[in-house]
Amino acid sequence: MANPPTVQSPAHPSGDNRFKLLDRAITKHHGRGDALIEVLHAAQEIFGFLEDDLMIYVARALKRPLSQVYGVATFYHFFRLKPNGEHVFVLCMGTACYVKGAAAIQDAVEHRCGAKFGETTEDNKVSLISARCVGSCGLAPVAVLDNAVAGKLTTESAVGKVDAWKRSGEEVAV
C-alpha cells in the first residue's frame, strides 16, 4: 500500500521559521480549540512572548475567536504579552500574601525599580509581574524570582534581591 503524499506546510509570509514549530504543536493537538492553553504555551515557548500577531495566528489556526485567545492569555499570569527583562520578579498578591505585607513589598520594589508591576525597567534588567496566587500561602508573603520561590519576604529582602540583579546581572540566591 502506498503512503499518502506528504504535504509541506507553506512558509509563513514573514519568513519566520518558528511558525513551522508552532504549526507542529497545533497539528499535535489536531487543531482542536480545547487545546488553546497548550498551544499558547507552545507559542510562548517558541517566541518568548505572545504578541498580537501571534495570538491572531493561533485564533485562526484553532478556529477560535480572538477575544477568547486574548482572554486566556491575559487571565493566566504565566502568559506574557511583552518580552521579559533579564530577570523576572513575580509577586503574589493573593489573600495570605496581601495580609502579610505584599502591598508594602510592591510599593518598595516599584520605588526602587522606577517601574510599576506589569512593566519592565528601562534598562531591561527586571520585569515586575503580579500574580493572583502562586500557591505557596504558607510562605506568605511570597514571590517567584527567576522561577525560584522566595518566601517570607520583607520589603528589605525583596529590594535587596532587585538591587543584586541590577548591580551584578548574576543570579541571586533565594
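Checking L81, L40, L91, L50 one by one, the residue that is in the same structural domain as T155 (by TED's automatic domain parsing), under 22 Å from L128 (Cα atoms) and either touching an Asp or Glu at 6+ places or on another chain (Cβ under 9 Å) or of a type in the set (A, V, I, L, M) (or both) is L91 and no other. Do we find a residue being of a type in the set (S, T, Y), within 21 Å of K161 (Cα to Cα) and not in a helix (DSSP H, G or I) anywhere in segment 132-141? Yes; the residues of segment 132-141 include at least one that is of a type in the set (S, T, Y), within 21 Å of K161 (Cα to Cα) and not in a helix (DSSP H, G or I).
Residue selection: V126 satisfies the criterion of being buried (at least 18 other Cβ atoms within 10 Å of the Cβ), in contact (Cβ under 8 Å) with a residue 24 or more places away in the chain and either touching a Leu at 6+ places or on another chain (Cβ under 6 Å) or not charged (D, E, K, R) (or both). Just name the residue that is farthest from G85 (Cα to Cα) out of those in segment 137-174 that are polar (S, T, N, Q) and modelled with pLDDT of 90 or more. In this case the residue turns out to be T154.
Being within 14 Å of H77 (Cβ to Cβ) and out of contact with any Gly (no Cβ under 7 Å at 6 or more places or on another chain) is the filter here; which residues of segment 103-127 pass it? Across segment 103-127, the qualifying residues are F117, G118. Within segment 40-52, residues that are of a type in the set (A, V, I, L, M, F, W, C) reach partners that are at pLDDT 90 or above and not in a helix (DSSP H, G or I) with beta carbons closer than 8 Å, at six or more positions or on different chains, in the pairs L40/L50; A43/L50.
The values are calculated or read from the model by the stated rules, or taken from the named source; none is laboratory data. Computed from a predicted model, the values in this text were never measured in an experiment. Note that each Cβ is placed from the backbone with ideal geometry, even for glycine, and that neighbours are counted across all protein chains shown.
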